Every structure is written in C-alpha cells, then in structure tokens.
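Structure, as structure tokens:
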Amino acid sequence: MRDPYTVLGVPKSASEKDIKSAYRKLAKTLHPDQNPNDKTAHEKFAEATAAYDLLSDKAKRAQYDRGEIDAEGNPRFAGFGFDPGAARGARQGAGGFSAEDILKEFMSGFNAAGGARRGPNPFGGAAGGASWDPFTGTAGPGASTGKRPDTVVNLAVTLEDAHAGKSVPVTLPTGKTVSVKLPSPLEEGQQIRLRGQGKPSPLTGQPGDVLVTVKFAKHKTFRRDGNDLRVDVPITLYEAVLGSKVRVPTLAGAVELNLPPGPDTSKALRLKGKGLFGKGDLFVNLRIVLPEGGDPDLESLMRFWRDQKPYKVRE
C-alpha cells in the first residue's frame, strides 16, 4: 500500500481529528455502494480504509513514523517490539473510532452530501436490507470481521433467463466462474450477494463478498417497460383487410392471435399475463408490410381506390 498519509491526503503532523475527517470525506465519496460500477473507486476505498486503520491506532502510527512497520502494518526490521497479534487484531482507532465506526455512523444518519437521511441505511438496497453492515455483510448490528469491502460485478441477463429463473454463469474478480440462480421475479438493478467470493482483505486476508448487480440485456424482439413487454408483428395487407390468425412470439413460446378484419394498427393489442414473470402483459404492435419490390396489380387497385373510393386518415 502507498504511504497512508498520502492516501488520506494529510500531513504527518495531522491530528487525530484531521485524520478522521479526511477518512470520512473519502469514505462518503468512494464507498462501493455509491460507485457500484467503478472498480477504481472500490480499490481506493479499501486503500483509504487500510490507511485510516493504521493511522488511527496510536501505537501502530508511532511504529510507522519510526519506520518499524510498513504501510500494511508488517515489520520492517526485527527487534522493534512489533506485536504481530496486535497488527492482526487491533481495529480500534485513536479516540475509540475505527473505520467501521465511521461507516456505521454514515448508515445511521449521513448521506454523501453530509445531510441527514430519512432511512436508517444510506447504503441499503435489494441485496443489503434496511440495516446492512458493509463490513460484516450481514443484516442488523454486528461486530466487524475485518473483511474486504464488497466487490460489485455487473451481470447482463436475457429476458428469457430472467423469466424462467434460470441459473447463469458469473465470472468473479478472482477469475473463478460460478453458477448463480436468478431470483424470480427479478428487478432491474437487483443485487445478489455471494458471500466470501470476493478478493481478500489487504489487512486480514479475509475475503469480502461479491454483489452481482443484475441488468436486463437488450432484446432483439421485445422492448421492456417494467414487467410489460412490447413486440412488433408484421402482417400482410390482405391479413389486415380480411383478418387472420397470426403467430405472436412470447418469452414462453409463440401463441396464436385472432386478428379481426380491419384492425386499428395505431393501437396495440394486449395479451394479458404474457409479459415478464406472468405479472406483466404483452402489447402487440401490428405493422403492415407491402410486397417487396412492389406489385402492378396492387398499384392499379390503389389508384382505383384513390380516385373512386378515397377516405381520410389524417385531419
């Protein structure tokens, strides 16, 4: 790790209050829940947390300033009274505040701009719940386990996989690929927590969790509107005039739609319950397609209509 003073942006003469204030600012800006798609911010957040843990501990800060330990708390030389057990277990900072204490303080009343929050958890969400502890990865109060902060991984899933609640492969930051069961129903941006599948902590070696943020991939056929779906279905001119049975695609397979003669193509036809998870509907937009390359007989008929049977469709 880099020099902890440089990481926090404070001079070596900084007071305990200055160090705490510098870390608070960085934590608010860099926390993974504030930057779910920014790996650089995640790494800087972990680095800032490690720097604060070292400098907020009076004994370890003194050892670092004397050159007895490095920025990660490891001894540089033998014989300087370094206590490995203290380096592994000491998490309480000067003045009784650790990095965990500061982050939990955010969770109970501060937002990224420094104002009061209405809810108890500014970093909550589908994955964390109302009182999620970003260090322990659990709901409700709990002591810090010294884990690395959560790593966010984005996953694009097809509408078909989401609709069926399938298991999909996810490649973790460690390079390992695991199979993840998609919850049903699934919401855009929903997070799935994979406990202990993240990178190890720079301080304790204990792995953090991976938060898989799910997004729906763009579909070549359907357009999603919440749980509703929209689809364009081409029909011929004679199907539009005479009516017909038309096959319409759905996420669970094609169905037949009874098309009445002369349908109003400006309005979508609704198939109830044929959207996502059976909760949404499928809206079918009819598109009349003329013969490719044109047709002399059709052109002749249209000229007759234009001259002998005109009608208005626009004001």
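According to the Cα-based calculation, Rg over Rh for the range 260-300 is 1.23, with Rh computed by the Kirkwood formula.
DSSP loop (so not H, G, I, E, B), at most 14 other Cβ within 10 Å: list which chymotrypsin sites (Phe, Trp or Tyr not before Pro) in the range 286-315 pass both filters. The partial results should precede the final answer.
Details: sites: F304, W305, Y311; in loops: Y311.
Qualifying residues, ordered by number: Y311.
For the range 187-233, the set of trypsin sites (Lys or Arg not before Pro) satisfying both a DSSP loop assignment and a count of at most 11 other C-beta atoms within 10 Å is given as K218, K220.
Taking the DSSP beta bridges with both ends in the range 222-308, the antiparallel portion is around 60 percent. Residues whose amide H lies under 5 Å from that of R270, counting only those 5 or more places away or on a different chain, are V284; hydrogens are built 1.01 Å from N in the peptide plane. Listed by chain and number, the aspartates and glutamates placed with their C-alpha closer than 17 angstrom to that of K25 are E16, D33, E43, E47, D53, E100, D101, E105; residues fewer than eight positions away on the same chain are left out. Taking every DSSP bridge with both residues inside the range 157-315, close to 70 percent are antiparallel. Treating each Cα of the range 224-303 as one equal point scatterer and applying the Debye formula with no solvent, the log10 of I(q)/I(0) at q = 0.15, 0.17, 0.26 Å⁻¹ comes out as -0.58, -0.70, -1.24.
Arranged from highest to lowest average of other beta-carbon atoms within 10 Å per residue, in what order do the peptides 241-253, 39-51 appear? Don't jump to the answer; show the numbers that get you there.
Details: 241-253: 14.0, 39-51: 19.7.
Those peptides, ordered most packed to least, come out 39-51, 241-253.
Checked against a 31 Å cut-off, the cross-linked pairs K181/K267; K218/K272; K245/K312; K245/K279; K39/K279; K39/K181 give Cα-Cα distances beyond that limit for K181/K267; K39/K279. Considering only the Cα atoms of the range 182-234, their convex hull presents on average a projected area of 4.9 nm².
Since every read-out is calculated from the coordinates, none of them should be taken as a lab result. Keep in mind that what you see is a predicted model, and the values were worked out from it rather than measured. Note that we place each Cβ from the backbone using ideal geometry, even for glycine, and neighbour counts take in every protein chain shown.
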